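Worksheet: the structure to be examined is printed underneath.
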Amino acid sequence: MGNDKLYLRQDIKVEPLVDHWYAWPHLIPPATLARNITERHLKIMDAYISMPSIHANAVKNPRMLGGPFIDYGGKRVDEIRALRDRTKRERSHLIAFSTALGTLSNMLRETATGFSLQPLYEKVPDILRGYVELLYDLNNHASFRLIEPLLYRSEFYDRSQQSIMLSVISNDDRPFVLSTPRLESEDSLHLRLPFGSPVVDDLFGLKSDPRPWYEIKEMVGTEGPADALLRSFLTPDPPRRYAPYNGPGVRWRYFGHACILIESQGVSMLFDPVLSYTYENGISRYTYLDLPNSIDYVLITHDHQDHILFETLLQIRHRVKNIVVPRNSGGRLQDPSLKLLFQNCGFRNIIEAGEMEEIRDGAVQITGLPFLGEHADLDIQSKLAWLVRIGSHSLLFAADSCNIEPRIYEHLHREIGNVDAVFLGMECDGAPLSWLYGPLLTQKMDRAMDESRRLSGSNYEQAMHIINCLNCREAYVYAMGQEPWLNYIMSIKYTEQSRPIIESNKVINTCRERGMTAERLFGEKEILIEPAFSAGVPVAAGT
Ligand SMILES: [Fe+2]
Ligand SMILES: [Fe+2]
């Protein structure tokens with residue numbers, strides 16, 4: 001009996017946590033984490049402790065979706081207080097680091113007037129010294145850059161505050177996770193595992209490669225009641241086997257949001273992985289069971305929480321041969337290095353790419369294209385659209401690219417020619433700057449300014465200009481956050497009157513009137529492109 005081999009069940013939810021908060025990308029780099037602890041986590045917890053009922057009411061109000069409110073129905077105040085106090089105690093060095101970033105910014109604003117910055121190094125708060133370089137732009141605006149590789153090697157990167165919570169999931173109903181810390185519960189197994197631990201790979205490898213119970217128990221290190229809980233998350237039943245695409249053409253499958261898998265010529269590519277677990281819940285979808293055992297390339301478009309989802313990435317890390325990320329601008333607080341971020345979370349073979357840089361693998365060619373907009377005009381360079389060419393067929397994954405400068409696509413067309421299929425996000429009513437980047441600001445921003453600088457994707461005109469410029473024959477609107485299994489990271493609920501729906505409907509109608517294939521993707525979709533593409537005439541067959 002004890003030697004029976006067991007799998008990890010396909011309906012086990014995995015919540016990666018930092019300080020008990022759901023781990024989104026800004027909670028990994030030390031500097032952005034420090035700012036989020038002081039400007040988001042502690043403020044939300046303080047507010048909840050003093051007025052829990054306000055939070056309970058706000059969470060019920062659909063207009064407040066995604067707001068800074070804790071979703072525990074006004075209860076569990078003592079536990080939130082304990083978490084706040086522990087955070088203050090155990091993260092005191094990061095709290096001091098965050099304060100110092102504010103002090104440094106103020107000092108530069110007041111003191112750096114265009115003269116040499118060298119005398120100002122003495123005035124840099126002690127905790128930051130040796131971790132920052134002071135810089136002017138060509139207009140004498142002073143700023144600083146962080147020496148990120150050193151910060152990851154310092155006490156400011158504390159892996160012991162990372163953990164993973166396992167529990168059973170049976171439907172799409174998950175509360176929004178970014179403003180509510182995850183507290184312990186009887187039916188959840190909280191594993192103090194840093195994300196980079198090899199145990200993470202062994203654990204999620206159990207989804208396809210079974211092991212005997214005694215090995216699993218030793219590997220995870222559970223004892224007492226946790227043993228029984230862990231055992232209940234395992235099953236002797238093998239999962240359904242995945243049949244990879246070995247045909248002569250190209251097959252792409254839409255998994256929801258911006259997650260698309262391409263298989264062709266023996267190469268597999270997975271874009272912006274966000275996957276649903278496997279359970280019966282109405283809407284048909286691809287899940288973890290629909291991934292190849294080995295994924296040649298995971299490609300990330302940009303550093304937003306709906307495009308870098310650790311919950312998915314950690315579970316597939318052991319299958320991923322290479323992870324391709326856009327290169328950042330080098331040390332800006334708001335633009336942490338994705339290469340360092342993934343490296344320090346245990347990912348291997350990270351390829352950094354820049355605009356117009358290429359990766360070739362046999363007949364497959366992947367090029368990073370400029371991705372403008374959707375980042376509130378902040379200097380953030382870690383964003384790329386990916387152009388994939390296989391034979392003579394081309395697909396462009398533009399993610400949330402906002403066509404704020406149409407001329408760029410004219411220049412691009414000269415370089416890359418026509419593109420057969422474009423995938424474009426059209427969340428054209430994006431959140432204001434402060435929703436995501438507020439904790440990084442060291443000076444209060446005028447509300448009207450904040451409202452004017454949004455995280456918006458392309459509207460109808462902007463999208464049509466891309467489609468026209470690149471002479472696309474197929475247009476797919478995606479990355480709209482509409483799949484119900486992604487509600488927990490998206491604060492979006494559209495109606496037919498929502499502008500992103502109206503604008504994307506217009507794109508689809510205009511394209512269809514021209515005889516093009518056009519669709520707003522939802523749930524699941526498979527397209528097979530038959531090898532006639534080698535003669536320049538791709539044949540797309542949808543299901
Ligand atoms: Fe985005
Ligand atoms: Fe997005």
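The values are calculated or read from the model by the stated rules, or taken from the named source; none is laboratory data. In this text the structure is predicted, and so the values were computed from the model without any measurement. All Cβ positions, glycine included, derive from the backbone under ideal geometry; neighbour counts span all protein chains shown. Just so you know, the surface numbers come from the protein's heavy atoms only, side chains and all, with ligands and any DNA or RNA stripped out. Shrake-Rupley method; radii C 1.70, N 1.55, O 1.52, S 1.80 Å.
Can you figure out the FRET efficiency of ASP126 with SER53, using R₀ = 25 Å and their beta-carbon distance, to the nearest 0.05?
0.05
Which value, in debye to the nearest 20, gives the size of the charge dipole of the stretch 424-529 about its Cα centre, when Lys and Arg are +1 and Asp and Glu are -1 at the Cβ?
Roughly 160 debye, rounded to the nearest 20.
Check cross-link reach from LYS43 to the aspartates and glutamates: straight Cα distance under 13 Å, and skip same-chain residues fewer than eight apart.
By straight Cα distance, LYS43 reaches ASP85.
Modelling each spin label as a point 7 Å along the Cα-to-Cβ direction, I'd like the LYS444/SER491 distance in nm, to one decimal.
Each label point is offset 7 Å from its Cα along the Cβ direction, giving 2.0 nm.
Compare the Cα positions of ILE390, LEU369, SER401 along the charge dipole of the stretch 359-401 (+1 at Cβ of Lys, Arg; -1 at Cβ of Asp, Glu; about the Cα centre) and return the one farthest towards the positive end.
Result: ILE390.
What fraction, in whole percent, of alpha-carbon pairs in the stretch 1-149 exceed 22 Å separation?
58
Quick check on my link table: of LYS339/LYS506; LYS123/LYS444; LYS383/LYS444; LYS383/LYS506; LYS493/LYS525, which ones sit more than 32 Å apart, alpha carbon to alpha carbon?
In this structure, LYS339/LYS506 lie more than 32 Å apart at Cα.
Take the solvent-accessible surface of the protein heavy atoms, probe 1.4 Å, and return the percent of it on the stretch 182-313 that carbon and sulfur atoms account for.
So the carbon and sulfur contribution to the accessible surface is 51 percent.
Using only the alpha carbons, work out the radius of gyration and Dmax of the chain in angstrom.
Over the chain's Cα set, Rg and Dmax evaluate to 23.7, 76 Å.
In terms of solvent-accessible area of protein heavy atoms at a 1.4 angstrom probe, what is the ranking of TYR460, TYR22, highest value first?
Per-residue accessible area, sorted high to low, gives TYR460, TYR22.
Got a number for carbon plus sulfur as a percent of the stretch 326-427's accessible area, 1.4 Å probe?
43
Which lysines, on any chain, are close to LYS5 with Cα under 29 Å apart, when same-chain ones fewer than 8 places away are left out?
Within the straight-line limit of under 29 Å, LYS5 reaches these lysines: LYS13, LYS207, LYS217, LYS321.
Under a no-solvent Debye model with one identical scatterer per Cα of the stretch 249-328, what's log10 I(q)/I(0) at q = 0.12, 0.19 Å⁻¹?
Taken in order of the listed q values, log10 I(q)/I(0) reads -0.32, -0.80.
Using the per-residue mean of other Cβ atoms lying within 10 Å as a proxy for protection, in what order, highest first, do the peptides 508-517, 161-170 fall?
So the peptides 508-517, 161-170, ranked by packing, come out 161-170, 508-517.
Taking the Cα centre of the chain as origin, work out the dipole magnitude from +1 charges on Lys and Arg Cβ and -1 charges on Asp and Glu Cβ, in debye rounded to 20.
That gives the chain a dipole magnitude of about 400 debye.
Could you check the simple spin-label distance between ASN139 and GLN343, using points 7 Å along Cα→Cβ, in nm with one decimal?
If labels sit at ASN139 and GLN343, their model points lie 3.3 nm apart.
Once the piece of chain linking ARG86 and SER185 is laid out straight, how much longer is it, given 0.36 nm per residue of separation minus the C-alpha distance between them?
Going from the current span to full extension adds 33.8 nm.
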